[in-house]
Amino acid sequence: FILIVVLYGLVTGTLMASHPHGSSTHTFSALVDPVDAASTSVPAHSDRSDIPPRAYAVSVALFVVAGLLEIGGGWCVWQTVKARKHWSVAVVGVIMLAVYGVVPCFQPDELSKSNFGRVYAAYGGFFIALSYAWGRFVDNETYDAGDIVGATLALAGVGVAWCWPR
């Protein structure tokens, strides 16, 4: 029940909560957009049609590069710890992980609005799908329908978050 109420509040921007002085409505607009929270007017939103397709292509490419660096780096460390590979494999992994940390900084501002949380949340969907792809093509693992549906939903979530009119 609480989850439904919170989701409703996030979607509508309000949440009904009981207080000692009765029931009142609390706005979530400060959570969604702190700048617009103080404003009583409806903010103008872009339908994002003004964003060049190149920005989306660069964004996807950067997410893929970041994913390969993070997953590859983690895989190298995993190989050293779990499969007893030489320590130098872990060093390569740590270097890859350090480079991964820089790559998301190059996301186009037209899409990211220079918002760290938004960039990393969108990247999370790519990370999920790329992790499965790494497992399949590097470690020859197989996955079931739940894995495929989950990764697809994660990427759909990226599409909603990344392309939502702002």
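The values are calculated or read from the model by the stated rules, or taken from the named source; none is laboratory data. Worth saying up front: this structure is predicted, and the values here are computed from it rather than measured. Glycine gets a Cβ as well: all are built from the backbone with ideal geometry, and neighbour counts include every protein chain shown. To get the accessible areas, we keep the full protein, side chains included, count just its heavy atoms, and leave off ligands, DNA and RNA. Shrake-Rupley method; radii C 1.70, N 1.55, O 1.52, S 1.80 Å.
Odds and ends about this structure:
- Solvent-accessible area per residue for the stretch 89-151 (1.4 angstrom probe, square angstrom): 58 Å²
- Of the accessible area of the stretch 80-166, computed with a 1.4 Å probe over protein heavy atoms only, carbon and sulfur atoms account for 70 percent.
- Note on T152: accessible area is roughly 80 Å² with a 1.4 Å probe, heavy atoms of protein only.
- Heavy atoms of D139: accessible area, 1.4 Å probe, square angstrom to 10: 60 Å²
- For the set F137, F63, the ranking by accessible area, highest first and with no ligand, DNA or RNA atoms included, is F137, F63 under a 1.4 Å probe.
- Distance between the pseudo-spin-label points of S49 and D147 (7 Å out from Cα toward the beta carbon): 4.2 nm.
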